[in-house]
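Chemist: Would you mind keeping the following structure in view while I ask a few things?
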Amino acid sequence: MSTALLLIDAQQSFRARPYWTETDAPAFLERSNALLAGCAERGIPIVRIFHTDGPREAANAFAPESGLIRPIDGLAPYDAAVTVEKHRHSALVGTGLGVWLHQNGIRRLMIAGIRTEQCCETTARHASDEGWEVDYITEATLTFDMKTPAGDTLSAAQIRERTETVLAGRFARIVTVDEALARAVAAA
């Protein structure tokens, strides 16, 4: 199989963050679960990526000591081909993931997870620069409203649209879950 899914930071840690909201979580979980099921049915390897950083103490939601470095509640169980722990925004920095992908003949990456504009987008850009073809599955990413430097609110929908705009045609192909799965089968 020449395609792999990178499921980035779909972890319980985010539910402990002050910006967490359930607003878009049900749709994210539904689309992510459809993507996971589709990959499993087609034999597409799934890479589970967890983000850890900060002080190693239970009060830090991104520390193993918190007990929150695990799949986010509502995500269907799945068999990961490999699990990677990252400490930077890109899943390709300091993790050995690039080596694993090359050793397994992966030429296309499907990217999904949390946060749309942060670790998912950064990994997509990095992967593209390293030569992988990238399918960015925005409907299987999740983000949250943010304050701009000017103090305005940028909605999660606006952030998703901005991410698609800057990635499309340069770093990734923007696709739905169904399109990503069809492209993976066609590339096999």
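The values are calculated or read from the model by the stated rules, or taken from the named source; none is laboratory data. Note that this is a predicted model, so its numbers are computed, not measured. Neighbour counts are summed over all protein chains in view; Cβ atoms, including those assigned to glycine, are modelled from backbone coordinates with ideal geometry.
Chemist: Can you pull out every residue in the stretch 118-155 that is farther than 28 Å from Arg108 by Cβ and touching an Asp or Glu at 6+ places or on another chain (Cβ under 7 Å)? Spell out how you get there, then give the answer.
Modeler: To start, the set of residues in the stretch 118-155 that are farther than 28 Å from Arg108 by Cβ comprises 144-155.
Those that are farther than 28 Å from Arg108 by Cβ and touching an Asp or Glu at 6+ places or on another chain (Cβ under 7 Å): Thr153, Leu154, Ser155.
Chemist: Something else now. How many residues are farther than 19 Å from Arg17 by Cα and in contact (Cβ under 8 Å) with a residue 40 or more places away in the chain if we restrict to the stretch 65-79? Give the derivation first.
Modeler: Within the stretch 65-79, the first condition is being farther than 19 Å from Arg17 by Cα, and the residues that meet it are 76-79.
From what is left, the residues that are in contact (Cβ under 8 Å) with a residue 40 or more places away in the chain are 76, 78.
Going through the stretch 65-79 one residue at a time, the tally reaches 2.
Chemist: Looking only at the stretch 103-140, count every residue that is over 11 Å from Leu6 (Cα atoms), in a strand (DSSP E or B) and without any contact (Cβ under 8 Å) to a residue 60 or more places away in the chain and tell me the total.
Modeler: Number satisfying all stated conditions: 2.
Chemist: Would you be able to say whether some residue in the stretch 80-90 is assigned to a strand (DSSP E or B), among the hydroxyl-bearing types (Ser, Thr, Tyr) and touching a Gly at 6+ places or on another chain (Cβ under 8 Å)?
Modeler: Initial filter on the stretch 80-90 (assigned to a strand (DSSP E or B)): 82-86.
From what is left, the residues that are among the hydroxyl-bearing types (Ser, Thr, Tyr) are 83.
Checking the rest, the ones that are also touching a Gly at 6+ places or on another chain (Cβ under 8 Å) come to none.
Within the stretch 80-90, not a single residue is assigned to a strand (DSSP E or B), among the hydroxyl-bearing types (Ser, Thr, Tyr) and touching a Gly at 6+ places or on another chain (Cβ under 8 Å).
Chemist: Further question on the same structure: Anything in the stretch 1-31 that is part of a loop (DSSP other than H, G, I, E, B), more than 20 Å from Ser66 (Cβ to Cβ) and among the hydrophobic types (A, V, I, L, M, F, W, C)? List them, or say none.
Modeler: Met1
Chemist: Another question, then. Out of the residues in the stretch 139-188 meeting the condition of being among the charged types (D, E, K, R) and either more than 27 Å from Tyr19 (Cα to Cα) or at pLDDT below 95 (or both), tell me which one is surrounded by the fewest Cβ atoms within 10 Å (Cβ to Cβ). Step through it out loud before you land on a result.
Modeler: To start, the set of residues in the stretch 139-188 that are among the charged types (D, E, K, R) comprises 139, 145, 147, 152, 160-162, 164, 170, 173, 178-179, 183.
From what's left, either more than 27 Å from Tyr19 (Cα to Cα) or at pLDDT below 95 (or both): 170, 173, 178-179, 183.
Details: Arg170: 10, Arg173: 16, Asp178: 13, Glu179: 14, Arg183: 17.
If we take residues in the stretch 139-188 being among the charged types (D, E, K, R) and either more than 27 Å from Tyr19 (Cα to Cα) or at pLDDT below 95 (or both), then Arg170 is surrounded by the fewest Cβ atoms within 10 Å (Cβ to Cβ).
Chemist: Let me ask another. Taking the condition over 17 Å from the mean Cα position of the chain (by Cα), more than 17 Å from Ala184 (Cβ to Cβ), at pLDDT below 95 and surrounded by fewer than 20 Cβ atoms within 10 Å (Cβ to Cβ), does Gly54 pass?
Modeler: On the way: over 17 Å from the mean Cα position of the chain (by Cα): yes; more than 17 Å from Ala184 (Cβ to Cβ): yes; at pLDDT below 95: yes; surrounded by fewer than 20 Cβ atoms within 10 Å (Cβ to Cβ): yes.
So Gly54 fits the description; yes.
Chemist: Please specify each residue of the stretch 141-186 satisfying the condition of being under 22 Å from Gly43 (Cβ atoms) and in a loop (DSSP other than H, G, I, E, B).
Modeler: Of the residues in the stretch 141-186, the ones under 22 Å from Gly43 (Cβ atoms) are 173, 175-186.
Scanning the stretch 141-186 gives Val175, Thr176.
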